[in-house]
Amino acid sequence: SSGINAEYGESTEVKVAALSCLHSLSRSVKQLRTNLLDAEVWQPLLRLIRAQDCDLIRTSSRTLCNFLLDFSPSKDILLEQEGTIELLSELVLYPDEEVKLNGVWALMNITYKADSQLRSKILNNFGIEHILEAVEEDCPKLKIKALGLLRNVLCDTGEVDSIMMSHGAEVLSTLVPLLSPTYDSTEEEQEQVLCVFINIAAGALSRDLLMTREDLLQSLLNFLSNNNTQLQIAATTCITQLVKREERSDACQAKLRQMGHFKQLQLLLSARPEVSDRAKIALQYF
């Protein structure tokens, strides 16, 4: 009950402590679906996020992320409230790094399995530019969540081409360098970037755009021989998306053959099953 009544605490310290308690409770799926839903604790949360105190904003926004998870029944209720998307978009622009992270995290949770209307609303309020700015932040957690948000936004084949036709240059100039061996990206970041490119390659026009970037194609080739299985799988899946077309593209396949992708995929046939199975699928389209 202390978490539910946090906004009525006598001091900021009491409110922050109560919110921390609520945050712990919100990690439980059972609590999210029962007591916390019945008590409508999302209401004081939305009010406290608008507070002037940074500690209150940090703790309340951190807690709100859990209420926006896909399995939380409060998610739909929160999204029905006027101004929720705008509020979360404002958090991402907040100068405090943790608040910014919580804002991106919340938007990532919202866009997971979101319908086209909701994704469009988020992009209209927030924009691809701000997502890319978050990707370029030095904070590793923020970078990962921003890449997850971008991946969720670019999940619909029809929408991908529209977004990439208007923002493709910025997307590529931000993401492609993250795959370069000269860039100090973590393997987790690289895997997320590859997953974004897998989604982008599903768009017919976007696929052609990716094929013009030889630096990207070279990175995909390098990842095929990487020791990290997940990076191998992601790179192989991305290549499959590039060559998998309704109409056979001899130019695309010829380019990848010439660069060495076909040969490297053949070598993967003797790799562990989870990698070799993906290599077999990719080779079918050459």
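At a glance:
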quantity: Förster radius 35 Å - calculated FRET efficiency between residue 17 and residue 117 (Cβ-Cβ, nearest 0.05); calculated: 0.35
quantity: Highest-MSF residue in the chain out of 219, 72, 11 [GNM, Cα springs under 10 Å]; calculated: 11
quantity: Loop-resident sites, segment 80-179, for trypsin sites (Lys or Arg not before Pro), counting at most 12 other Cβ within 10 Å (DSSP); calculated: 113
quantity: Angle between the chain longest axis and helix 54-67 axis [Cα atoms, degrees, rounded to 10]; calculated: 60 degrees
quantity: Of all accessible heavy-atom area on the chain, the percent that carbon and sulfur account for (1.4 Å); calculated: 47 percent
quantity: Mean accessible surface per residue for the chain, computed with a 1.4 Å probe while every protein chain stays in place, in Å²; calculated: 47 Å²
quantity: Folded to 0 to 90 degrees: helix 187-200 orientation relative to the chain principal axis, Cα; calculated: 70 degrees
quantity: Global form of segment 205-286, assessed from the alpha-carbon gyration tensor, a/c cut-off 1.5; calculated: prolate
quantity: Extension gain (nm, one decimal) between residue 81 and residue 182, 0.36 nm per residue minus Cα-Cα; calculated: 31.8 nm
quantity: Under 19 Å from the Cα of residue 100 - aspartates and glutamates, other chains or at least 8 residues apart; calculated: 53, 55, 86, 90, 129, 133, 136, 137, 138, 189
quantity: Three-way shape label, segment 37-142, alpha-carbon gyration tensor, a/c 1.5; calculated: oblate
quantity: DSSP-loop chymotrypsin sites (Phe, Trp or Tyr not before Pro) across segment 114-208, with at most 13 other Cβ within 10 angstrom; calculated: 183
quantity: On Cα atoms only, tilt of 12-25 relative to the major axis of the chain in degrees; calculated: 50 degrees
quantity: Per-residue ³J(HN,Hα) for segment 223-235, Karplus 6.51 cos²θ - 1.76 cosθ + 1.60, θ = phi - 60°, Hz, x for Gly and Pro; calculated: 5, 5, 9, 6, 6, 7, 4, 5, 5, 4, 5, 5, 5
quantity: Simple label model, 7 Å out from Cα along Cβ direction - residue 40 to residue 281, nm; calculated: 4.6 nm
quantity: Where chymotrypsin sites (Phe, Trp or Tyr not before Pro) fall in DSSP loop in segment 55-116, at most 10 other Cβ within 10 Å; calculated: 71
quantity: Set 113/145; 113/244; 15/143 screened for pairs whose C-alpha atoms are more than 18 Å apart; calculated: 113/244; 15/143
quantity: Descending semi-axes in Å of the chain, equivalent ellipsoid built from Cα gyration tensor; calculated: 41, 18, 17
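The values are calculated or read from the model by the stated rules, or taken from the named source; none is laboratory data. Keep in mind that what you see is a predicted model, and the values were worked out from it rather than measured. With ideal geometry, Cβ positions are generated from the backbone for all residues, glycine too; neighbour counts draw on all protein chains shown. Surface areas here come from the heavy atoms of the whole protein model, side chains and all, with no ligands, DNA or RNA. Shrake-Rupley method; radii C 1.70, N 1.55, O 1.52, S 1.80 Å.
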